[in-house]
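The values are calculated or read from the model by the stated rules, or taken from the named source; none is laboratory data. Predicted model only: the values in this text are computed from it and were never measured. All Cβ positions, even for glycine, are placed from backbone atoms using ideal geometry, and neighbour counts span all protein chains on display. Please note that ligands, DNA and RNA were not included when accessible areas were found on the heavy atoms of the full protein model with its side chains. Shrake-Rupley method; radii C 1.70, N 1.55, O 1.52, S 1.80 Å.
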Amino acid sequence: MLKSLYIKDYALIESIKIEFGSGLNIITGETGAGKSILIDAMNLLLGERASTDVVRKGASKSIVEAEFDVTKNKKVKYLLEENEIEFTDELIIRREISLKGSNRCFLNDTPVTLNLLKETGNFLVDLHGQHEHQSLLRVETHIDFLDEFHNNSESLQKYKSEFIALNELLSRLIELRNREELIKQKRDLYSFQIKEIDAVSPEESEDEKISAELNILENSERILELTTAINNVLYSSEGCAFDNLNRAKTDLSTLLKIDPSLKEVVDELESAIALVNDVNSNILRLQSKVELEPEKLDTLRIRLSAINMLKKKYGGSLQSLLEYRNKIGAEFELAENFETEINNLLKLITDKRTSAGNYAAELSTIRIEAAKKITKEVSAALSELGISNSKFEVSIKQTLADNDEEFITYKNKNYKYDSSGFDKVEFFISMNLGEDLKPLVKVASGGEVSRIMLALKSSLARNDKLPILIFDEIDTGISGRIAQKVGNKLKSLSAFHQIIAITHLPQIAGFGNNHYLVEKKIIENRVVSSIKLLTEEERVTEIAKLISGEKVSETSIRSARELINDSLASVQHN
């Protein structure tokens with residue numbers, strides 16, 4: 001839901017902020033008061049191109065900002081998260097147009113591109129009038145209208161899963177064929193490199209293990225020399241520490257008999273003797289491990305040299321070397337079995353094309369049935385809305401594909417396809433009796449497009465995903481009873497969407513939940529547009545003006561009240 005719209009220094013608007021409500025929001029005002037400016041400003045937030053001409057005279061930039069309640073809008077949530085923008089229940093969209101030529105867009109105060117702004121707007125608002133942001137005038141959206149009418153999301157999702165899987169296989173095929181020549185060119189090189197590496201066959205962390213072992217072997221003579229010297233000093237030679245400490249212990253024991261207070265000293269000396277014995281045992285264990293093996297030493301040095309040579313040549317570390325070996329092994333195996341790999345992939349693609357084609361055909365059958373129903377409903381609604389003798393039709397066609405194109409297969413025929421299947425859907429209409437059906441996008445005027453959209457939306461109301469609909473000039477060329485019908489349709493539609501409608505007709509305005517008046521005033525010799533939410537009494541007066549003109553009489557006031565009451569009764573009756 002659109003909660004508020006803030007516009008500053010834009011065209012005739014100095015500064016306004018509009019708080020919108022749910023249901024049907026009606027906007028009225030004299031011609032030239034600035035109603036179209038509101039639509040233009042809204043279009044900026046929906047990604048339309050902007051000109052510096054819109055900046056109000058005397059200002060440096062124009063600002064348009066809207067706050068939306070997107071609590072239940074999953075598409076907006078996914079889009080923001082995909083672009084690393086914080087998602088909250090309220091989304092603020094802001095657009096700034098500067099005289100310097102800069103054009104800045106923001107989503108929740110995060111700078112974004114105009115394309116992302118437009119993509120976000122497409123998930124929020126459908127605006128119908130004489131502007132480009134009209135989904136009905138984009139042929140590519142017609143298939144979405146049809147799918148929404150039938151609510152065939154489950155079948156569509158099944159097809160899309162096959163569509164994604166098929167495209168992934170095709171991408172893999174393109175990648176393989178692009179690499180084919182390169183792989184074949186490198187096959188001999190890879191063969192040489194694999195043989196060179198496998199001749200050594202290094203194992204993980206082997207270089208570290210060899211280096212540690214070499215460190216011991218290369219210093220074996222020095223280790224033997226030092227351990228022997230230590231053993232002699234501590235234990236083995238005449239006058240060694242162990243013997244001297246034991247003699248001291250004997251003498252100290254004699255003293256202990258004379259002076260018992262020397263007990264702790266005797267204990268400490270015994271600990272020292274035990275420590276010397278432990279140290280010597282550890283030295284002897286180290287000495288026993290040392291072997292003088294010149295042949296083993298040479299063997300280890302040669303192997304480490306071979307490993308280091310491979311490391312230097314293929315990656316700088318043993319881990320990088322082993323990873324490179326695995327990589328070229330896979331590439332070599334692919335080169336050796338390239339044709340087999342391609343043939344296996346082609347078989348998978350053929351199967352997936354058939355599977356996708358079957359799901360696309362299932363979708364097409366559903367759409368054909370939906371087209372019959374929507375044609376009937378929309379034609380009836382158009383007649384009610386004042387486009388009498390019109391004829392509406394849904395065209396569903398498929399296009400055969402050449403064998404060298406991307407295609408899916410159904411009943412041995414190849415069809416062009418996209419993410420929606422192999423159907424091309426377009427709406428056709430004849431506006432007058434006896435005229436041929438023509439593409440809707442080429443024959444409908446602004447007001448007619450709005451009423452056609454209203455007819456479609458009335459049929460799609462419960463399934464349509466866009467929460468906000470804006471109708472500009474929906475009342476072009478209608479009056480009286482037809483205007484009452486249009487107002488009733490808008491009111492009914494507002495049960496499922498927030499509606500904002502600009503109108504000149506009292507019959508439509510009478511249905512509003514909220515009524516806003518756009519006025520143009522002269523302030524300090526400058527024209528300024530403003531907008532305000534009308535009270536109930538002000539609303540009656542404004543509708544009376546729409547009935548009788550600027551001069552409001554008791555009769556027009558009475559008529560306005562009757563119109564509002566009749567509109568309320570009409571809605572309750574429906």
Average accessible surface area per residue within segment 232-300, 1.4 Å rolling probe, Å²: 71
Sum -39500 (n - 2.57) across every DSSP H segment of at least 4 residues in the chain, then divide by the residue count to get the 222 nm mean residue ellipticity, nearest 500. -18500 deg cm²/dmol
In nm, give the distance between the simple-model label positions of ILE523 and GLU119, each being 7 Å from the Cα along the Cα-to-Cβ direction. 3.9
Whole-angstrom gap from segment 42-60 to segment 393-444, using each part's C-alpha centre: 38
What share of the DSSP beta bridges in the chain is antiparallel, in percent to the nearest 5? 75
What do you get for GluC sites (Glu not before Pro) in segment 88-195 restricted to DSSP loop and a cutoff of at most 13 other Cβ within 10 Å of the site's Cβ? GLU132
Roughly speaking, to the nearest percent, how much of segment 287-421's 1.4 Å accessible area is carbon and sulfur? 47
R0 of 41 Å, Cβ-Cβ distance LEU255-ARG222: FRET efficiency to nearest 0.05: 0.45
Just the number, please: carbon plus sulfur as a percent of the accessible area of segment 510-574, 1.4 Å probe, no ligands or DNA/RNA counted. 49
Pick the calculated volume of the Cα convex hull per residue in Å³ for this structure from (1) 142; (2) 342; (3) 162? (2)
Report the gain in length on full extension from GLU196 to SER288: 0.36 nm times residue separation, minus Cα-Cα distance, nm rounded to one decimal. 29.2 nm
In percent, what relative contact order does the chain have, based on Cα pairs under 8 Å that are 6 or more apart in sequence? 21
Rounded to one decimal in Å, the inverse mean reciprocal Cα-Cα distance for segment 502-553, i.e. its Kirkwood radius, is 12.0
Charge-dipole axis of the chain as Lys and Arg at +1 and Asp and Glu at -1 on Cβ define it, positive-most pick from THR254, THR52, ASN414: THR52
Could you tell me what percent of the accessible area of segment 200-259 is made up of carbon and sulfur, with a 1.4 Å probe and every protein chain present? 52
Going through segment 194-232, which GluC sites (Glu not before Pro) have at most 14 other Cβ atoms within 10 Å and a DSSP loop state? GLU203, GLU204, GLU218
Between LYS17 and VAL443, what FRET efficiency follows from the Cβ-Cβ distance if R0 is 45 Å, with the result rounded to 0.05? 0.70
Full extension from GLU81 to VAL233: what is 0.36 nm times the residue separation minus their Cα-Cα distance, to one decimal in nm? 47.2 nm
State the answer as a single residue: which of PHE163, SER98, ASN358 lies farthest towards the positive end of the charge dipole of the chain, with beta carbon charges of +1 for Lys and Arg and -1 for Asp and Glu, about the Cα centre. SER98
For segment 90-181, calculate the relative contact order in percent as a whole number, restricting contacts to Cα pairs under 8 Å that are 6 or more residues apart. 11
Using R₀ = 45 Å, calculate the FRET efficiency as 1/(1 + (r/R₀)^6) where r is the Cβ-Cβ separation of ASN103 and LYS184; round to 0.05. 0.30
Straight-line reach from LYS186: which lysines have Cα under 21 Å away, leaving out those fewer than 8 places along the same chain? LYS195, LYS311, LYS312, LYS313, LYS327
Taking 0.36 nm per residue of separation between ARG172 and SER548 and subtracting their Cα-Cα distance, the length gained on full extension comes to 128.3 nm
Expressed as a whole number of Å, what is the distance separating the alpha-carbon centroids of segment 92-126 and segment 499-549? 29
For segment 63-211, what is the accessible area per residue in Å² when the probe is 1.4 Å? 55
Dipole of the chain, positive direction: furthest Cα of ASN231, VAL290, HIS128, with charges on the beta-carbon: HIS128
Segment 229-292: GluC sites (Glu not before Pro) in DSSP loop, at most 14 other beta carbons within 10 Å: GLU238, GLU291
